[in-house]
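Note sheet for the following structure.
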Amino acid sequence: MGWTTKAVFRWLRLCCSSSNESSAADLPARGGGILVVGGADAPELTVREVNEATARFSGARLVGEGDHARVYRASLRTGRAAAAKRLRLVHRDSDDVIASTRRQMSAAASRLRHRNVARLLGYTVAADLRVLLYEFADLGTLHDALHLHGDRPPLSWAQRVRVALDAARGLAYLHAASAGAAAHGDFRSSKVLLFPGFRAKVADGHKVFRRQTDQEELGYAQVRRASTVAHMPPEWFSMVHMTPKSDVFSFGVVLLELLTGAPKPFDFDATDRGGCGNLWSWAAPLLAEGRVEECIDPKLGGQYPRAGALELGRIAVQCLQEDLTSRPSMDTVARLINCDVIFRDQHGCRLL
Ligand SMILES: Nc1ncnc2c1ncn2[C@@H]1O[C@H](COP(=O)(O)OP(=O)(O)OP(=O)(O)O)[C@@H](O)[C@H]1O
């Protein structure tokens, strides 16, 4: 049975299982071994302070919602805007869990410093409340910019490649910060946050600090949604430990989203675009054969460099290799993206 078939079975299982039926075995194991990379502590906010910053998590402040959290716009005492991510807790945490979570948050806030990783500005940890305060992404997520842009113009080639490079650098940093021991484990276009100038930062970098207890793993399993599965590499479906190379696969799927504009990688129906199957089983062979015109995002209106798109496609195909040892590291991926042919427009003018 090929991994695509296994993926479908596992996806169906996730769709069909009620939250109580999920188990820790549905989840990748996560590594530790975090390398200290320096920096000052970010503040722990009391429950009262975080209530104040978010107007008691008022509905008017709600900016987004995922499977694990609701995100509110917060105003810090410094005047800075923050995104307050209030995690859904499936049970009251014990004192031990609270203490270890507090240590992880403090470490993540003080040590993860990179311009392409969304910075944790503060956190609140209590028995029934967990809030992470991140820098606020004024331009939302890459997923929304690509697929839900409404009246705004679609992302240009220059913006797409800038975002791809920033996100690759953010992931490479997280891998380096954990000395190669941990993966983000949940990378997708909605985890790429956009800031003015379409500079991108990877969200949820703190996850590389998470050493989950069995209980926490279970809580995580209970709320994992099937759509997440679209970016998961083959090894995730065979329950193998997730590694930085698993993030490389997920990054390859995001590269395909940037190239093709296809909104739902797993559910993507290629018949509309002259093919069949899911996004990567359709696009990867076309890109490998240099048939980029057949899969490029029509919203680009032909405004892209053919050679650059082919090169980005080649990189995506390398990231999407089934054998994880054959995939390049994120550091290599970032270096491959940062090349002249990708950063030129269709007229040969240098971008940025
Ligand atoms: N730093 C931020 N700045 C602005 N908006 C944000 C920020 N972080 C998240 N959001 C918004 O909140 C939404 C939900 O966040 P996110 O998807 O990370 O939640 P989650 O529950 O951890 O996700 P999931 O469980 O689905 O992986 C995002 O789609 C985005 O619109």
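The values are calculated or read from the model by the stated rules, or taken from the named source; none is laboratory data. Bear in mind that the values here come from a model prediction, so they are computed numbers and not experimental data. Quick reminder, even Gly has a Cβ in these numbers, built from the backbone with ideal geometry, and neighbours come from all protein chains shown. Side chains included, ligands, DNA and RNA excluded: accessible areas come from the protein's heavy atoms. Shrake-Rupley method; radii C 1.70, N 1.55, O 1.52, S 1.80 Å.
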Computed FRET value (nearest 0.05) for R152 with T325, which takes r as the C-beta separation and R₀ as 30 Å: 0.15
Rough spin-label spacing in nm, given labels placed 7 Å along Cα→Cβ, for Q303 and N51: 5.0
Probe 1.4 Å, accessible area per residue of the range 53-146, Å²: 46
Karplus-derived HN-Hα couplings along the range 90-99 (A = 6.51, B = -1.76, C = 1.60, θ = phi - 60°), whole Hz, x at Gly and Pro: 8, 7, 6, 7, 6, 4, 4, 5, 4, 5
Label-point separation in nm, C339 to A179, each point 7 Å along Cα→Cβ: 3.3
